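Each remark here refers to the structure printed beneath this line.
The values are calculated or read from the model by the stated rules, or taken from the named source; none is laboratory data. Remember, it's a predicted structure, so these values are computed and weren't measured experimentally. Quick reminder, even Gly has a Cβ in these numbers, built from the backbone with ideal geometry, and neighbours come from all protein chains shown. Remember, those area values only see protein heavy atoms, side chains included, never the ligands or the DNA or RNA. Shrake-Rupley method; radii C 1.70, N 1.55, O 1.52, S 1.80 Å.
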Amino acid sequence: EINDPEGIYLTCNNIGTLKIKQGKFQEGLDYLHRSLALRKKGRNPVSIAISYINIGNALSEKKKYKEALENLKEAEVILRKGNSKTELAALLRAMSLCYKNMRQFEKALTCGTEYARLREELHRHEMEKAYNDTIVRYDVELAEKNAVIDRLKNFELASYIHRFEMSNNELKQFANAASHDLKEPLRTI
């Protein structure tokens, strides 16, 4: 109703995936192709590649490995141009399984090896990001704690100064009283 192209192609993709899981393969495949057509209008290359991967995976489930590989190779061309490592890893895994089922073990091994290398690289990147996020969080928390400590120190210092001034005033009053009391006997003499 609101004519949201992204929402429509995501919905078509999800319906297609569900139809295939329900055993309605052709109907599900039609939805996936519709999603691909809509994504091509949007011209987002990664989104288009994801549609090709979804179609390839659906065909692979039906043991149509040659057709699956045709779609997966379309996605591969798109993803190798960009820098979409997460999607490329998913693609390589799907290609490796297709080649394995087609008994093309060398190609399956090549894709599987590249998949493993990419997953390791992605994992390392995620770990570095998590480490950096932790360092930033630690620095922020440390700065906040130091600010609280500084406020407490300033409060304690102000409190100490106030007590010191009060004590100083009391001593002045005592000194004045003592001075007056000591001068009285001298005046009398």
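Could you count how many residues in segment 93-151 are under 25 Å from the mean Cα position of the chain (by Cα) and surrounded by 13 or more Cβ atoms within 10 Å (Cβ to Cβ)?
Residues that pass the stated criteria total 8.
For residues that are at pLDDT below 90, open to solvent by 80 Å² or more (accessible area, probe 1.4 Å), not in a helix (DSSP H, G or I) and not polar (S, T, N, Q), tally how many sit in segment 1-26.
Of the residues in segment 1-26, 2 are at pLDDT below 90, open to solvent by 80 Å² or more (accessible area, probe 1.4 Å), not in a helix (DSSP H, G or I) and not polar (S, T, N, Q).
Any chance you could count how many residues in segment 27-66 are within 21 Å of GLY82 (Cβ to Cβ), in contact with a Cys (Cβ under 7 Å, 6 or more places away or on another chain) and open to solvent by 70 Å² or more (accessible area, probe 1.4 Å)?
Of the residues in segment 27-66, 0 are within 21 Å of GLY82 (Cβ to Cβ), in contact with a Cys (Cβ under 7 Å, 6 or more places away or on another chain) and open to solvent by 70 Å² or more (accessible area, probe 1.4 Å).
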